[in-house]
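Enquirer: Here it is: the structure, laid out below.
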Amino acid sequence: MILFPAIDLKNGQCVRLEQGDMARATVFNLDPAAQAKSFADQGFEYLHVVDLDGAFAGKPMNAQAVEAMLKVVKMPVQLGGGIRDLKTVEAWLGKGITRVIIGTAAVRDPELVKTAAKAFPGRVAVGLDARDGKVAVEGWAETSEVTALDIAKRFEDAGVAAIIFTDIARDGLLKGLNLDATIALGDAISIPVIASGGLASIDDVKAMLTPRAKKLEGAIAGRALYDGRLDPAEALALIRAARG
(Lines give C-alpha, C1' and ligand atoms only; values in the text may rest on other atoms or scores of the structure.)
Protein backbone atom coordinates (compact mmCIF):
# COMPACT_ATOMS: atom_id res chain seq x y z
CA MET A 1 0.00 0.00 0.00
CA ILE A 2 1.45 3.32 -1.12
CA LEU A 3 0.11 6.62 0.21
CA PHE A 4 0.57 9.20 -2.54
CA PRO A 5 0.56 12.85 -1.41
CA ALA A 6 -1.08 14.98 -4.10
CA ILE A 7 0.05 18.27 -5.57
CA ASP A 8 -2.53 19.87 -7.87
CA LEU A 9 -1.15 22.73 -9.97
CA LYS A 10 -3.10 25.80 -11.05
CA ASN A 11 -1.36 28.95 -12.28
CA GLY A 12 1.94 27.59 -10.99
CA GLN A 13 0.54 27.25 -7.45
CA CYS A 14 -0.33 24.25 -5.33
CA VAL A 15 -4.14 24.12 -4.88
CA ARG A 16 -6.99 21.77 -4.00
CA LEU A 17 -10.34 21.85 -5.78
CA GLU A 18 -13.72 20.76 -4.48
CA GLN A 19 -15.36 18.20 -6.79
CA GLY A 20 -13.03 19.25 -9.59
CA ASP A 21 -14.50 22.76 -9.81
CA MET A 22 -11.84 25.31 -10.83
CA ALA A 23 -13.94 28.06 -9.22
CA ARG A 24 -13.65 26.27 -5.87
CA ALA A 25 -9.87 26.21 -5.54
CA THR A 26 -7.98 26.75 -2.30
CA VAL A 27 -4.33 27.75 -2.64
CA PHE A 28 -2.20 25.80 -0.15
CA ASN A 29 1.32 26.67 -1.26
CA LEU A 30 2.68 29.27 -3.67
CA ASP A 31 5.80 27.14 -4.16
CA PRO A 32 5.05 23.61 -5.44
CA ALA A 33 8.73 22.61 -5.29
CA ALA A 34 8.87 23.50 -1.58
CA GLN A 35 5.69 21.48 -1.06
CA ALA A 36 7.19 18.49 -2.88
CA LYS A 37 10.34 18.71 -0.76
CA SER A 38 8.22 18.89 2.39
CA PHE A 39 6.42 15.66 1.40
CA ALA A 40 9.79 14.00 0.71
CA ASP A 41 11.13 15.12 4.09
CA GLN A 42 8.03 13.67 5.79
CA GLY A 43 8.95 10.25 4.41
CA PHE A 44 6.50 9.81 1.54
CA GLU A 45 7.85 7.59 -1.21
CA TYR A 46 5.83 8.45 -4.33
CA LEU A 47 4.39 11.82 -5.38
CA HIS A 48 1.15 12.34 -7.33
CA VAL A 49 0.99 15.54 -9.39
CA VAL A 50 -1.83 16.91 -11.54
CA ASP A 51 -1.57 19.82 -13.97
CA LEU A 52 -5.13 21.12 -13.60
CA ASP A 53 -4.74 23.86 -16.21
CA GLY A 54 -3.31 21.23 -18.54
CA ALA A 55 -6.35 18.99 -18.06
CA PHE A 56 -8.58 21.80 -19.33
CA ALA A 57 -6.21 23.04 -22.05
CA GLY A 58 -5.34 19.57 -23.36
CA LYS A 59 -1.61 20.29 -23.16
CA PRO A 60 0.94 20.85 -20.38
CA MET A 61 0.48 24.28 -18.74
CA ASN A 62 2.49 24.02 -15.52
CA ALA A 63 5.69 22.50 -16.90
CA GLN A 64 7.91 24.98 -15.07
CA ALA A 65 6.46 24.03 -11.68
CA VAL A 66 6.74 20.31 -12.46
CA GLU A 67 10.36 20.66 -13.56
CA ALA A 68 11.17 22.61 -10.39
CA MET A 69 9.72 19.74 -8.32
CA LEU A 70 11.75 17.14 -10.20
CA LYS A 71 14.92 19.07 -9.32
CA VAL A 72 14.30 18.95 -5.56
CA VAL A 73 12.93 15.43 -4.96
CA LYS A 74 14.48 12.05 -5.61
CA MET A 75 11.26 10.07 -5.10
CA PRO A 76 9.28 8.84 -8.10
CA VAL A 77 6.62 11.21 -9.44
CA GLN A 78 3.47 10.32 -11.37
CA LEU A 79 1.94 13.14 -13.42
CA GLY A 80 -1.45 13.67 -15.05
CA GLY A 81 -3.23 16.55 -16.75
CA GLY A 82 -3.09 17.47 -20.43
CA ILE A 83 -1.23 14.37 -21.59
CA ARG A 84 -3.03 13.65 -24.86
CA ASP A 85 -0.37 12.47 -27.32
CA LEU A 86 2.72 10.29 -27.53
CA LYS A 87 5.04 13.26 -27.90
CA THR A 88 3.92 14.65 -24.51
CA VAL A 89 4.28 11.21 -22.90
CA GLU A 90 7.84 10.91 -24.25
CA ALA A 91 8.73 14.46 -23.20
CA TRP A 92 7.65 14.00 -19.59
CA LEU A 93 9.29 10.59 -19.21
CA GLY A 94 12.44 12.09 -20.70
CA LYS A 95 12.38 14.88 -18.10
CA GLY A 96 12.32 12.42 -15.23
CA ILE A 97 8.64 11.72 -14.56
CA THR A 98 8.37 8.08 -13.46
CA ARG A 99 4.83 7.45 -14.63
CA VAL A 100 2.43 9.50 -16.75
CA ILE A 101 -1.32 9.38 -16.18
CA ILE A 102 -3.56 9.49 -19.24
CA GLY A 103 -7.15 10.49 -18.48
CA THR A 104 -9.27 12.14 -21.18
CA ALA A 105 -7.29 10.50 -23.99
CA ALA A 106 -7.93 7.08 -22.45
CA VAL A 107 -11.63 7.65 -23.19
CA ARG A 108 -11.25 9.47 -26.51
CA ASP A 109 -8.19 7.68 -27.92
CA PRO A 110 -7.61 4.25 -26.32
CA GLU A 111 -4.98 3.44 -28.95
CA LEU A 112 -2.74 6.15 -27.50
CA VAL A 113 -2.72 4.36 -24.13
CA LYS A 114 -1.96 1.01 -25.77
CA THR A 115 0.86 2.45 -27.88
CA ALA A 116 2.38 4.37 -24.96
CA ALA A 117 2.13 1.42 -22.55
CA LYS A 118 3.84 -0.82 -25.09
CA ALA A 119 6.60 1.73 -25.77
CA PHE A 120 7.16 2.48 -22.08
CA PRO A 121 6.34 -0.63 -20.02
CA GLY A 122 5.32 0.08 -16.44
CA ARG A 123 5.35 3.84 -16.96
CA VAL A 124 1.82 4.58 -18.17
CA ALA A 125 -1.19 4.77 -15.85
CA VAL A 126 -4.81 5.54 -16.70
CA GLY A 127 -6.83 8.08 -14.71
CA LEU A 128 -10.53 7.27 -14.52
CA ASP A 129 -12.59 9.93 -12.80
CA ALA A 130 -16.19 8.92 -12.28
CA ARG A 131 -19.31 10.90 -11.53
CA ASP A 132 -22.16 8.52 -10.59
CA GLY A 133 -20.21 5.67 -12.16
CA LYS A 134 -19.74 7.41 -15.54
CA VAL A 135 -16.31 8.68 -16.54
CA ALA A 136 -15.77 12.45 -16.80
CA VAL A 137 -13.26 14.01 -19.20
CA GLU A 138 -11.71 17.37 -20.18
CA GLY A 139 -10.77 18.28 -16.62
CA TRP A 140 -14.10 16.79 -15.45
CA ALA A 141 -16.00 19.42 -17.42
CA GLU A 142 -17.82 16.73 -19.43
CA THR A 143 -19.29 13.39 -18.45
CA SER A 144 -19.12 10.53 -20.94
CA GLU A 145 -21.58 7.66 -21.29
CA VAL A 146 -19.11 4.94 -20.38
CA THR A 147 -18.40 3.42 -16.98
CA ALA A 148 -14.96 3.19 -15.38
CA LEU A 149 -15.09 -0.60 -15.67
CA ASP A 150 -15.87 -0.45 -19.42
CA ILE A 151 -12.75 1.63 -20.00
CA ALA A 152 -10.53 -0.28 -17.59
CA LYS A 153 -11.37 -3.51 -19.39
CA ARG A 154 -10.16 -2.06 -22.70
CA PHE A 155 -6.66 -1.93 -21.25
CA GLU A 156 -6.55 -5.32 -19.58
CA ASP A 157 -3.73 -6.67 -21.73
CA ALA A 158 -2.15 -3.38 -22.73
CA GLY A 159 0.55 -3.27 -20.06
CA VAL A 160 -0.96 -0.34 -18.14
CA ALA A 161 0.85 0.09 -14.80
CA ALA A 162 -2.14 1.26 -12.75
CA ILE A 163 -5.65 2.69 -12.86
CA ILE A 164 -6.24 5.75 -10.68
CA PHE A 165 -9.91 5.74 -9.81
CA THR A 166 -11.37 9.00 -8.49
CA ASP A 167 -14.86 9.48 -7.14
CA ILE A 168 -15.55 13.09 -8.21
CA ALA A 169 -18.48 13.46 -5.80
CA ARG A 170 -16.07 13.05 -2.89
CA ASP A 171 -12.99 14.80 -4.22
CA GLY A 172 -11.72 17.58 -1.97
CA LEU A 173 -14.68 17.24 0.39
CA LEU A 174 -13.10 14.96 3.03
CA LYS A 175 -16.04 12.52 3.01
CA GLY A 176 -13.88 9.41 3.02
CA LEU A 177 -12.75 7.21 0.14
CA ASN A 178 -15.37 5.36 -1.91
CA LEU A 179 -13.72 2.04 -1.15
CA ASP A 180 -16.68 -0.11 -2.18
CA ALA A 181 -16.59 1.16 -5.77
CA THR A 182 -12.78 1.16 -5.88
CA ILE A 183 -12.47 -2.40 -4.57
CA ALA A 184 -15.22 -3.60 -6.93
CA LEU A 185 -13.21 -2.16 -9.82
CA GLY A 186 -9.98 -3.68 -8.49
CA ASP A 187 -11.62 -7.10 -8.17
CA ALA A 188 -12.99 -6.97 -11.73
CA ILE A 189 -9.65 -6.30 -13.48
CA SER A 190 -6.06 -7.46 -13.20
CA ILE A 191 -4.54 -3.95 -13.40
CA PRO A 192 -3.58 -2.49 -9.97
CA VAL A 193 -6.02 0.22 -8.81
CA ILE A 194 -5.25 3.35 -6.78
CA ALA A 195 -8.05 4.93 -4.73
CA SER A 196 -8.54 8.68 -5.03
CA GLY A 197 -11.05 11.28 -3.89
CA GLY A 198 -12.21 12.07 -0.38
CA LEU A 199 -9.48 10.56 1.80
CA ALA A 200 -10.26 12.27 5.11
CA SER A 201 -8.46 10.73 8.05
CA ILE A 202 -6.38 7.91 9.49
CA ASP A 203 -9.54 5.74 9.29
CA ASP A 204 -9.26 5.76 5.50
CA VAL A 205 -5.65 4.60 5.75
CA LYS A 206 -6.68 1.83 8.15
CA ALA A 207 -9.46 0.77 5.74
CA MET A 208 -6.88 0.55 2.94
CA LEU A 209 -4.89 -1.90 5.07
CA THR A 210 -7.78 -4.34 5.62
CA PRO A 211 -7.75 -7.69 3.76
CA ARG A 212 -10.57 -6.67 1.41
CA ALA A 213 -8.44 -3.82 0.05
CA LYS A 214 -5.28 -5.88 -0.39
CA LYS A 215 -5.46 -5.81 -4.20
CA LEU A 216 -5.35 -2.00 -4.27
CA GLU A 217 -1.95 -0.43 -4.96
CA GLY A 218 -2.58 2.55 -2.73
CA ALA A 219 -4.48 5.77 -2.13
CA ILE A 220 -4.02 9.46 -2.92
CA ALA A 221 -4.21 12.01 -0.10
CA GLY A 222 -4.71 15.70 -0.78
CA ARG A 223 -6.71 18.10 1.34
CA ALA A 224 -6.51 15.93 4.48
CA LEU A 225 -2.72 16.37 4.46
CA TYR A 226 -2.88 20.10 3.76
CA ASP A 227 -5.31 20.99 6.51
CA GLY A 228 -3.81 18.68 9.11
CA ARG A 229 -6.57 16.07 9.40
CA LEU A 230 -4.12 13.34 8.46
CA ASP A 231 -0.83 13.09 10.35
CA PRO A 232 1.80 11.91 7.82
CA ALA A 233 4.01 10.29 10.47
CA GLU A 234 1.10 8.28 11.91
CA ALA A 235 -0.17 7.22 8.47
CA LEU A 236 3.27 6.17 7.19
CA ALA A 237 4.06 4.29 10.43
CA LEU A 238 0.82 2.30 10.07
CA ILE A 239 1.66 1.42 6.47
CA ARG A 240 5.22 0.38 7.36
CA ALA A 241 3.91 -1.80 10.20
CA ALA A 242 1.41 -3.47 7.85
CA ARG A 243 4.20 -4.30 5.43
CA GLY A 244 5.92 -6.15 8.25
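The values are calculated or read from the model by the stated rules, or taken from the named source; none is laboratory data. Given the structure is predicted, the values throughout are model-derived calculations rather than measurements. Glycine also receives a Cβ, built like all others from the backbone with ideal geometry; neighbour counts cover every protein chain displayed. Accessible surface areas use protein heavy atoms only, side chains included; no ligands, DNA or RNA. Shrake-Rupley method; radii C 1.70, N 1.55, O 1.52, S 1.80 Å.
Enquirer: Could you look through the stretch 181-207, keep only residues that are over 18 Å from the mean Cα position of the chain (by Cα) and of a type outside the set (S, T, N, Q), and pick out the one that is least open to solvent (accessible area, probe 1.4 Å)?
Expert: Ile189
Enquirer: Mind counting the residues in the stretch 166-175 that are of a type in the set (Lys, Arg) and either part of a helix (DSSP H, G or I) or touching a Phe, Trp or Tyr at 6+ places or on another chain (Cβ under 7 Å) (or both)?
Expert: Of the residues in the stretch 166-175, 1 are of a type in the set (Lys, Arg) and either part of a helix (DSSP H, G or I) or touching a Phe, Trp or Tyr at 6+ places or on another chain (Cβ under 7 Å) (or both).
Enquirer: Which helices (runs of 4 or more DSSP H) sit wholly inside the stretch 176-244 and have at least 1 residues that are at pLDDT 95 or above and under 28 Å from Ala117 (Cα atoms)?
Expert: By residue number, 179-188, 202-208.
Enquirer: While we're looking at this one, here's another question. Output yes when any residue across the stretch 65-82 is under 16 Å from Ala55 (Cα atoms), open to solvent by 20 Å² or more (accessible area, probe 1.4 Å) and more than 13 Å from the chain's Cα centre (by Cα), and no when none is.
Expert: no
Enquirer: Can you pull out every residue in the stretch 142-160 that is open to solvent by less than 60 Å² (accessible area, probe 1.4 Å), more than 11 Å from Val113 (Cα to Cα) and assigned to a loop (DSSP other than H, G, I, E, B)?
Expert: Correct list: Glu156 only.
Enquirer: Of the residues that sit in the stretch 99-120 and are open to solvent by 10 Å² or more (accessible area, probe 1.4 Å) and touching a residue at least 40 places away in the same chain (Cβ under 8 Å), which one is farthest from Thr166 (Cα to Cα)?
Expert: If we take residues in the stretch 99-120 being open to solvent by 10 Å² or more (accessible area, probe 1.4 Å) and touching a residue at least 40 places away in the same chain (Cβ under 8 Å), then Lys118 is farthest from Thr166 (Cα to Cα).
Enquirer: Out of the residues in the stretch 83-98 that are among the basic types (Lys, Arg) and assigned to a helix (DSSP H, G or I), which is most open to solvent (accessible area, probe 1.4 Å)?
Expert: By that ranking, first place goes to Lys87.
Enquirer: In addition: Filter the stretch 1-40 for residues that are over 16 Å from the mean Cα position of the chain (by Cα) and β-branched (Val, Ile, Thr); which is most open to solvent (accessible area, probe 1.4 Å)?
Expert: So the residue we want is Val27.
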